[in-house]
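Following: one structure in structure tokens, then a few remarks.
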Amino acid sequence: MTGFLATLGGGKLQLATLAVATAAASWTVGTPLSVPRSEVAAAPLLGRIVVVGGFLETGANSRRVDAYDPARDEWARLPDLPVSVDHAAAASARGRLVVVGGYGADRQPLRAAFLFDGSGWRTLPPPPEERAAAAATATAGGTVWVVGGRTRDGLATTTLALDLRTLRWRVVRGPRPREHLAATALSGKVYALGGRLAGYDTNFATVEAYDPRANRWRRLPDLPSARGGTGAAAVAGRIVSVGGESPQGTDRAVWTLRPGTRRWLRLPDLPTPRHGLGVVGLGGRVWVVAGGPEPGLTVSGAVESLPVSKR
């Protein structure tokens, strides 16, 4: 793992140059993930994009972990997760990556969490309850938030919060209960987007924001269309919503909202529409990795990115 850590500084510098040099709002295609999969967890880590677990083409879930270097357009294999998962949630803060829950090999939601620090995985104290098909994000203070998803008893009604300084969990208010939603964080607030009750004919357009200081969720303008199996990232002071599946197929529309405004704006369509995808904000771009190009169990290794303007 020495090589992974040694090249991080250079990767960050090259990534910033790439973001500044890209003037036109058009999608760029990168080297595909070597093992295509869907229902992955993904998060940025020290200038890389880490993709964890997911469904393989065979329908089995995976322990595999890969890291993409945007500056070099290269993938590297990282140590496998201790368990095989799909529909897990991932977030990063303070140079560490946390993976929470997912469905295990027995197809039941997992009550488990793992931390990667650049050299290997360690098992964290178990969360207060199991979660699968949830979403995770992290705020700048070093708290990982696990939003929505399923427990063994049904849809989760609370949000789980992990303090990365103490590695202690707490339970706070949850948004409208739903699974297969997206989450991101911006300016100290946590955002929950879309999701569904069960099958992909039960999608929501609901968007909510959580203020940790007030311990309160509030409604924001709905997405222009309902979407489940979706992803989101915060880029250039904006929330970007990407992907999803419905009875009509996979969703190629990409929407952005600047908090404080009341209108979603449409960005250029995703070249490879997908659900169960990884969506990450890094270097002024939104990165979209893996996912299913058709509803249900399909897989892709596609890597596509779009610069997002601060204006």
Quiz item: So which of D117, D86 is modelled with pLDDT under 95 and under 19 Å from the mean Cα position of the chain (by Cα)?
Solution: D117
Quiz item: Among the residues of the range 165-189, which ones are aliphatic (A, V, I, L, M), closer than 20 Å to G229 by Cβ and out of contact with any Leu (no Cβ under 6 Å at 6 or more places or on another chain)?
Solution: L181, A183
Quiz item: Of the residues that sit in the range 150-160 and are free of Cβ contacts under 8 Å to residues at least 40 places away in the same chain and outside any loop (DSSP other than H, G, I, E, B), which one is nearest to L115 (Cα to Cα)?
Solution: T158
Quiz item: When L164 is evaluated against the numbered criteria (1) more than 19 Å from V50 (Cα to Cα); (2) at pLDDT 95 or above; (3) not charged (D, E, K, R), which criterion, by number, is the only one it fails?
Solution: (1)
Quiz item: Looking at the range 32-88, which of the residues that are charged (D, E, K, R) and closer than 16 Å to G291 by Cβ is surrounded by the fewest Cβ atoms within 10 Å (Cβ to Cβ)?
Solution: E57
Quiz item: When you scan the range 39-77, how many residues do you find that are out of contact with any helix residue (DSSP H, G or I) (no Cβ under 6 Å at 6 or more places or on another chain) and either assigned to a loop (DSSP other than H, G, I, E, B) or among the acidic types (D, E) (or both)?
Solution: 15
Quiz item: Considering the range 95-114 alone, what residues qualify as being surrounded by fewer than 19 Cβ atoms within 10 Å (Cβ to Cβ) and among the hydrophobic types (A, V, I, L, M, F, W, C)?
Solution: A105
Quiz item: Would you call D73 among the charged types (D, E, K, R), at pLDDT 95 or above and under 16 Å from the mean Cα position of the chain (by Cα)?
Solution: no
Quiz item: Has the range 258-281 got at least one residue that is modelled with pLDDT of 95 or more, within 16 Å of W27 (Cα to Cα) and aromatic (F, W, Y)?
Solution: no
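Would you say R218 is free of Cβ contacts under 8 Å to residues at least 24 places away in the same chain, surrounded by fewer than 22 Cβ atoms within 10 Å (Cβ to Cβ) and part of a loop (DSSP other than H, G, I, E, B)? Don't jump to the end; show me each part of the working.
Working: free of Cβ contacts under 8 Å to residues at least 24 places away in the same chain: yes; surrounded by fewer than 22 Cβ atoms within 10 Å (Cβ to Cβ): yes; part of a loop (DSSP other than H, G, I, E, B): no.
Spelling it out, it is not the case that R218 is free of Cβ contacts under 8 Å to residues at least 24 places away in the same chain, surrounded by fewer than 22 Cβ atoms within 10 Å (Cβ to Cβ) and part of a loop (DSSP other than H, G, I, E, B).
The values are calculated or read from the model by the stated rules, or taken from the named source; none is laboratory data. On a predicted model such as this, the values are computed, not experimentally measured, just so you know. Virtual Cβ from ideal backbone geometry, glycine too; neighbours counted across all protein chains shown.
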